[in-house]
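Read the structure below first, then the notes.
The values are calculated or read from the model by the stated rules, or taken from the named source; none is laboratory data. All figures in this text were calculated on a predicted structure; none of them were measured in a lab. Here the Cβ is made from the backbone with ideal geometry for all residues, glycine too, and neighbour counts use every protein chain on show.
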Amino acid sequence: MRTNYVINSGVRFSMFSQDQLEEMFWGVLHLLEYTGLDVMHDEAREILKGAGAWVEGKRVRLPSYLVKKSLQMAPRSFTLFARDGNPKHNIKIGPGRAHFGPGPTCTHFIDPETMERRPYTKADVPLVAKMVDALPNIDFCESLGTVGDVHYDLGALYEFAGMFPNTSKPIVAWSYDKFDSAGIHEIAVAEAGGQEAFEHRPNYVHYCEPLSPLVSTFEAIDKLIFAARHRIPLIFTPCPIAGGTAPITGAGIITQGAAESWMGLTLAQALQPGLPFFMGGVYSVMDMNTMILAYGAPELPLFMAGLTELAHYAGLPLWQTGGCTDSKTFDGQAMIEGSMSVFFSALTGGDLCHDVGYTESAMTGSLFQLCAMDEAIGYARRITRGIEVTDETLAVDVIKAVGPNGHYLKQPQTRKLFKTEFWYPNLIDRQDFESWDMSGRLTMKDRTIARVRDILATHRPSAVKPETHKVIEKVLEEAEDRVKDKK
Amino acid sequence: MSRIFERISTAVLEGDDEESASLVHKALDKGETAADILNEGLLVGMSEVGVRFKAGDMFVPEVLMSADAMQAGMRILRPLLVAGGVKLIGKVMLGTVEGDLHDIGKNLVGMMCEGVGFEVIDIGFDVSPADFVAAVKEHQPDIVGMSAMLTTTMRAMGHTIKALTEAGLRDKVKVIVGGAPVDAAFAKKIEADGYGSNAPAGSDLAKELVGAA
Amino acid sequence: MSDILETISTAVIEGDVDEMVDLTEDALDEGLSAQEILDNGLMAGMDYVGVEFKAGNMFVPEVLRSAKAMQTAMDILKPLLVESGAPMVGKVLLATVKGDLHDIGKNLVGMMCEGAGFEVKDIGKDIEPEAFVAAVKEFEPDVVGMSALLTTTMRMMGHTIKALEEAGLRDRVKVMIGGAPVTQAFADEIGADGYASNAATAADLAKTFVSAA
């Protein structure tokens with residue numbers, strides 16, 4: 001038996017030393033203790049004050065012990081459940097596990113038939129959910145768009161109503177306000193079989209976004225309070241832009257963004273001790289010429305890697321970002337930016353990596369980008385799975401048996417492991433030239449288009465319960481009623 | 001079709017050599033002829049293997065297991081076929097050219113050729129043009145298949161064809177070539193009769209050249 | 001063009017805030033009118049900045065510095081311009097809509113509009129429709145510019161236009177909108193008069209509104 005044997009089975013990645021992490025951790029706590037945030041919600045300030053925060057006007061400062069206590073209260077390991085009980089669609093959050101999914105709220109969509117950019121509509125939601133359901137390396141669902149063809153207060157609700165029946169993978173839901181949140185929750189709870197059943201097996205995560213720099217906005221906090229009271233796992237994720245709404249330095253943007261998340265954490269844990277909580281965000285740069293928030297910049301995966309390490313050091317799961325691009329179309333830029341960020345995200349083990357399938361700097365959602373990135377994630381996951389070193393895998397006996405100038409194709413070990421030791425692509429081409437030539441010289445883009453259309457035409461997600469359909473209809477009717485007097 | 005043939009073809013498809021051999025014995029006990037067992041059992045399985053391999057649904061180690069299962073059946077049937085005067089569709093002779101020690105691809109072609117009903121003679125690797133000539137004289141194959149895995153050894157294919165021409169044997173055989181660096185243009189340049197880009201393509205080509213396709 | 005005007009326009013381009021007071025005072029001492037300094041010094045510089053920014057040769061922090069330089073000079077010139085009765089190009093009212101606290105883009109539009117000769121009133125961020133209405137009544141702008149950076153807040157632009165309609169003010173102003181998620185199609189949908197994709201085009205758009213009016 002071996003003793004004191006160290007195993008690195010996967011590819012390891014680390015950026016900061018323990019000293020640096022400690023310095024950043026205490027930097028965040030210092031910021032919260034001495035500068036604090038503006039919390040634009042009266043009730044939230046009262047709750048925070050009751051928990052031990054210092055409140056002056058809108059400004060809320062948090063003593064370090066309170067933040068540390070809140071970090072301790074949040075779990076690092078928990079499960080998000082498939083609504084239909086399919087264990088393959090569950091997401092187990094815990095150290096060393098990276099999961100992937102699309103992002104929300106793009107105004108535009110690449111039409112799957114015409115390939116043209118056009119406004120995102122209600123009819124697109126089920127298509128995205130179906131793709132998510134079918135793609136092997138996509139683990140959770142967001143819609144890749146803001147529904148534009150319904151009343152503009154109801155986009156988020158119609159979005160959830162369209163996603164939920166079309167994938168059993170866990171959904172990450174955003175909303176405009178707590179009315180949306182209530183409607184979304186009613187649908188999810190109906191399928192789960194009641195509030196208590198939902199608390200045991202949560203089938204969606206609620207997403208709220210505070211404002212950088214250093215503001216907890218009314219809507220973000222109002223939704224957070226709703227989610228915490230109903231024990232809905234929560235993502236509280238700012239979108240700081242280096243050089244614009246956050247310091248231009250990597251360490252600076254991470255420190256500020258973490259402080260923004262931890263204000264939400266402290267409030268959430270005060271309301272619901274033990275609530276699963278993801279810190280996170282989209283941390284990138286403001287391009288100083290175009291003024292866009294760059295989704296394909298190398299600083300994005302770099303900042304996100306640093307943030308992931310800080311989150312894990314503090315004991316929280318992270319809402320990661322990757323698989324996105326500033327390119328407007330399916331091209332080399334989209335593949336480079338998307339693949340690099342996906343690989344980097346997989347290396348960090350950031351827990352839920354979103355925005356897979358974003359193009360045009362988050363303005364246009366694309367099923368084609370999503371499908372191609374599914375392939376990139378598969379590729380990245382094979383690398384991060386690493387190399388196992390055991391007596392069996394060293395294969396000294398097998399090498400001896402084959403000897404000089406033999407071959408391994410017929411070895412029992414080859415036969416046993418060839419499907420699991422290697423990753424087999426779905427889209428990437430490895431044919432010889434003649435076969436490729438004969439089969440029509442299809443490019444990556446051609447094959448991706450074919451796969452997307454094939455999945456949309458053939459994939460059938462598992463159905464929701466009939467009573468859930470009724471609840472969806474009821475929730476939408478009530479919502480239409482609520483807004484009918486607004487333009 | 002008899003249930004037993006279906007089971008034999010399934011055993012080949014699944015690469016189960018023990019099952020294949022025992023089913024062939026069983027079929028003979030039931031009074032089926034060796035030719036029927038070959039054509040309706042083993043070859044049906046191998047042809048499905050070829051289809052699935054080309055479609056990307058089967059992988060090389062699985063094809064080799066199927067070929068093993070096929071051969072396990074053939075070991076029993078071959079003496080009976082010979083005794084019964086049943087002719088195989090043709091004779092293929094295979095070798096990797098001089099200077100090249102790679103033979104996985106060539107072996108695979110051999111198995112696929114046996115799978116489609118050829119008698120296969122494998123003369124090994126690093127075979128000089130003179131040895132090719134001697135072997136053709138000895139075995140009198142219908143088809144000579146040459147393999148080369150390296151850009152540095154593929155030119156030996158040209159030398160070998162030249163040697164066959166000089167020995168007056170070129171017209172008596174069809175020459176097919178294959179291997180990673182080889183393509184149809186190169187085959188044409190050295191005046192081979194055909195090129196196969198992978199093992200099933202090689203066996204299809206062989207069938208075509210003997211008029212059995 | 002006189003040397004001093006050229007120096008002023010260069011100082012604007014280079015964002016030389018510290019020099020602006022001295023340069024502007026010098027120009028006035030030389031007997032140049034406030035209008036001449038504005039048109040041929042400051043605005044000449046800002047025009048160049050706009051062109052270079054659009055071409056990708058200047059970056060946002062540099063544009064902001066240029067705008068700051070322009071404003072520094074304007075603080076001196078504005079009372080003189082009012083005194084002389086020289087009309088500004090028009091009045092622009094700017095704000096970020098309710099729920100949205102982003103104002104970098106809006107501030108940039110304000111600076112570019114001032115650079116283009118508008119009187120600009122910036123009423124801030126997170127502005128409710130009712131507050132927009134009150135500000136339009138008080139300030140009587142020619143153009144109302146609304147900004148939203150979030151897909152979740154852009155719908156407030158629709159609410160605001162509706163509030164202007166209900167207050168009977170919609171016909172008295174042109175409404176232009178902008179911000180990352182906003183598009184021409186969205187502007188059409190909510191009944192805005194125009195959309196600008198960046199600060200420089202916003203100023204151009206405002207100019208077309210007042211020249212058409």
inquiry  = For the stretch A:10-124, give me every one of the strands (runs of 3 or more DSSP E) that falls completely inside it and has 2 or more residues that are within 14 Å of chain C (Cβ to nearest Cβ).
reply    = A:37-39, A:108-110, A:117-119
task = State all residues of the stretch B:51-80 that are within 14 Å of chain A (Cβ to nearest Cβ), part of a helix (DSSP H, G or I) and under 20 Å from A:Lys419 (Cβ atoms); if no residue qualifies, say none.
result = B:Phe53, B:Lys54, B:Val60, B:Pro61, B:Glu62, B:Val63, B:Leu64, B:Met65, B:Ser66, B:Ala67, B:Asp68, B:Ala69
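Checking the structure you have, find out if any residue of the stretch A:129-147 is among the small types (Gly, Ala, Ser), closer than 19 Å to A:Met363 by Cα, crowded, with 21+ Cβ neighbours inside 10 Å and more than 14 Å from every other protein chain (Cβ to nearest Cβ).
Looking through the stretch A:129-147, at least one residue is among the small types (Gly, Ala, Ser), closer than 19 Å to A:Met363 by Cα, crowded, with 21+ Cβ neighbours inside 10 Å and more than 14 Å from every other protein chain (Cβ to nearest Cβ).
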task = Could you tell me which residue of the stretch C:89-134 is nearest to the other protein chains (Cβ to nearest Cβ), considering only residues that are in a loop (DSSP other than H, G, I, E, B), of a type outside the set (Asp, Glu) and closer than 25 Å to C:Met58 by Cβ?
result = C:His102
request  = Of the conditions (1) within 12 Å of chain A (Cβ to nearest Cβ); (2) part of a strand (DSSP E or B), C:Met146 clears all except one; give me its number.
outcome  = (1)
ask   = In the stretch B:99-109, what residues are assigned to a loop (DSSP other than H, G, I, E, B) and either of a type in the set (D, E, K, R) or farther than 15 Å from B:Ala156 by Cα (or both)?
value = B:Asp100, B:Asp103
query = For the stretch A:165-184, what are the residues that are within 16 Å of A:Pro126 (Cβ to Cβ) and in contact with an Asp or Glu (Cβ under 7 Å, 6 or more places away or on another chain)?
reply = A:Asn166, A:Thr167, A:Ser168, A:Lys169
request  = May I ask you to verify whether C:Thr153 is of a type outside the set (D, E, K, R), within 15 Å of the chain's Cα centre (by Cα), within 14 Å of chain A (Cβ to nearest Cβ) and more than 27 Å from C:Ser9 (Cα to Cα)?
outcome  = no
inquiry  = When the residues of the stretch B:81-99 are narrowed to those that are within 17 Å of B:Ile176 (Cα to Cα) and not aliphatic (A, V, I, L, M), which ends up nearest to the other protein chains (Cβ to nearest Cβ)?
reply    = B:Thr96
request  = Working only within the stretch B:183-203, note down all residues that are within 19 Å of the chain's Cα centre (by Cα) and at the interface with chain A (Cβ under 10 Å from one of its Cβ atoms).
outcome  = B:Tyr195, B:Gly196, B:Ser197, B:Asn198, B:Ala201
task = Name the helices (runs of 4 or more DSSP H) wholly inside the stretch A:391-441 in which the number of residues that are within 12 Å of chain B (Cβ to nearest Cβ) is 1 or more.
result = A:396-402, A:412-421, A:433-438
request  = Could you check how many residues of the stretch A:146-161 are modelled with pLDDT of 95 or more and within 22 Å of A:Cys353 (Cα to Cα)?
outcome  = 2
message = Test of understanding: among B:Thr160, B:Thr165, which residue is among the polar types (S, T, N, Q) and without any contact (Cβ under 8 Å) to a residue 12 or more places away in the chain?
response = B:Thr165
request  = Please list, ordered by first then second residue, the pairs with beta carbon atoms under 8 Å, 6 or more apart or interchain, first in the stretch C:42-68 and within 8 Å of chain A (Cβ to nearest Cβ) and on the phi > 0 side of the Ramachandran plot, second assigned to a helix (DSSP H, G or I) and surrounded by fewer than 16 Cβ atoms within 10 Å (Cβ to Cβ).
outcome  = none
